[in-house]
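The values are calculated or read from the model by the stated rules, or taken from the named source; none is laboratory data. All of these numbers come straight from a predicted model, not from anything done at the bench. Cβ: placed from backbone, ideal geometry, glycine included. Neighbour counts: every protein chain shown.
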């Protein structure tokens, strides 16, 4: 008759626990990509690019790809730049990067400096002359900035408005969405999102706001993000949005 027996082994007697270790590497570098005779690159056409030499960071290979006339039709007329991962490794690699445009003297371009200063003016409230009331929250802003970016605000702050008006109520918009819209007005960019990207609902609401205030480039930015993230849970709402706001880009991807 056979008997099955299980022997209990004390790890302290004759067995050695395997050695384990882990490592988290953070490496920071600056790569200079010098583009000479930049005016000669204008008119290269959309999707035409130049690239930097390959450089290594954190043991992985990268390069920078630069499109003087934009990487697609939505960005035509606006330069685009991308950091490209070239290594074959399947490791998960995360990056945090900043592109800074310099002139031929090595100075940061004035447009970058200006947007930073305008954003600081928005944050510290210095010189603001209008308060926008949105869903119970107050946002202080500068009339000239709103009017310069949006034809709707330009009309609102025109001769028909009482010069003594200091507060305007914005209806049918969530405060968080208006805050993003206001950030765009001052910086021509979306506010940082942290890890990942904005969810589809946020981009849909922001697109509606962009259309409402005539911010065409912001509308394109929202469309691009929505096109990248269409799935079964968002396709119907995205298609409805495309139809209502006549967005060919969303309609084609949905």
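Pairing residues of segment 92-113 that are within 16 Å of residue 189 (Cα to Cα) with residues that are at pLDDT below 65 and outside any loop (DSSP other than H, G, I, E, B), at Cβ distances under 9 Å and at least 6 apart in sequence or on separate chains, gives 100/108; 100/112; 101/108; 101/111; 101/112.
Of the residues screened, residue 132 is one that is in contact with a helix residue (DSSP H, G or I) (Cβ under 8 Å, 6 or more places away or on another chain), surrounded by 13 or more Cβ atoms within 10 Å (Cβ to Cβ) and modelled with pLDDT of 75 or more.
Entry remark, segment 153-167: residues being in contact with a helix residue (DSSP H, G or I) (Cβ under 7 Å, 6 or more places away or on another chain) and in contact (Cβ under 8 Å) with a residue 12 or more places away in the chain number 2 in total.
Of all residues in segment 202-254, those being outside any helix (DSSP H, G or I), surrounded by fewer than 21 Cβ atoms within 10 Å (Cβ to Cβ) and modelled with pLDDT under 80 number 9. At least 3 residues being free of Cβ contacts under 8 Å to residues at least 60 places away in the same chain and within 23 Å of residue 249 (Cα to Cα) is the threshold, and among the strands (runs of 3 or more DSSP E) wholly inside segment 38-86 those reaching it are 80-85. Would you check if residue 156 is assigned by TED's automatic domain parsing to the domain that holds residue 123, surrounded by 13 or more Cβ atoms within 10 Å (Cβ to Cβ) and more than 13 Å from the chain's Cα centre (by Cα)? When the stated conditions are applied, residue 156 passes them.
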